[in-house]
Amino acid sequence: LADGDFGGLEWDDAVALQQLKKRHQGQGEGESDKDVVCKTALCPYEHCDLWVPRSEARQHAQTCPHRPAVRCPYVDCTVYLDEGAMEEHKRVCRFRQTQECDWCFKSIAMPEFAAHQLSCVGRPRSMDAFVKKA
């Protein structure tokens with residue numbers, strides 16, 4: 001790196017910006033370094049140093065090999081998947097246990113049951129609904 005290029009930045013940041021500048025040279029003749037940086041985004045995931053065009057950032061985030069993995073919420077399941085794949089896994093997980101809601105009679109997965117009870121459309125507005133009036 002030449003002195004004065006990307007002045008004041010940490011070494012890793014300066015190297016990343018220099019690589020970005022080289023990648024975009026010729027794509028926008030006469031553009032400043034700031035313009036080039038504004039048109040791109042650094043992947044938000046740890047250990048991924050890829051700069052991608054902003055128009056491709058969402059697609060990259062969904063397929064980045066460094067995106068975090070989450071554990072299946074079902075007690076006996078030890079599967080780890082990325083967030084997008086986890087929703088499908090939860091629908092077919094062999095450890096899925098459900099409980100029927102007393103208010104709407106839907107079968108709800110156990111890890112989601114407490115949250116469901118708080119927002120159930122069949123939930124009584126108050127406990128007075130359960131008390132018989134004399």
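Projection of the Cα convex hull of the stretch 40-112, averaged over all directions and equal to a quarter of that hull's surface, yields 6.5 nm². Phi-derived couplings, Karplus 6.51 cos²θ - 1.76 cosθ + 1.60 at θ = phi - 60°, listed residue by residue for the stretch 65-78: x, 9, 5, x, 9, 10, 8, 4, x, 7, 3, 8, 8, 10 Hz, with x used for Gly and Pro.
For the stretch 70-119, the solvent-accessible area with a 1.4 angstrom probe is 71 square angstrom per residue. For Ile108, the residues whose modelled amide H falls within less than 5 Å of its own, excluding neighbours fewer than 5 places apart on the same chain, are Gln99, Glu100, Cys101. Considering the zone a paramagnetic label at His47 would reach in this model (a point 7 Å from Cα along the Cα-to-Cβ line), which residues of the stretch 68-106 have amide N under 12 Å from it? Under 12 Å, as judged by backbone N against the label point of His47, lie 68-69 of the stretch 68-106. Applying the Karplus relation 6.51 cos²θ - 1.76 cosθ + 1.60 with θ = phi - 60° to the stretch 47-61 yields 3J(HN,Hα) values of 6, 10, 9, 7, 9, 10, x, 3, 5, 10, 4, 5, 4, 5, 4 Hz, where x marks Gly and Pro.
Backbone amide hydrogens, once placed in the peptide plane, bring Thr40 within less than 5 Å of Arg54, excluding anything fewer than 5 places away on its chain. Here the stretch 70-119 exposes an accessible surface that is 52 percent carbon and sulfur, computed with a 1.4 Å probe and the other protein chains kept in place.
With coordinates expressed along the principal axes, the C-alpha atoms belonging to the stretch 70-119 extend over 33, 19, 15 Å, beginning with the largest.
Pull out the extension gain between Ala14 and Ala109, defined as 0.36 nm times the separation in residues minus the alpha carbon to alpha carbon distance; nm, one decimal.
Going from the current span to full extension adds 29.4 nm.
The values are calculated or read from the model by the stated rules, or taken from the named source; none is laboratory data. Everything numeric in this text was worked out from a predicted model, so none of it was measured. A quick note on method: Cβ atoms are made from the backbone with ideal geometry, for glycine too, and the neighbour counts reach across all protein chains shown. Please note that ligands, DNA and RNA were not included when accessible areas were found on the heavy atoms of the full protein model with its side chains. Shrake-Rupley method; radii C 1.70, N 1.55, O 1.52, S 1.80 Å.
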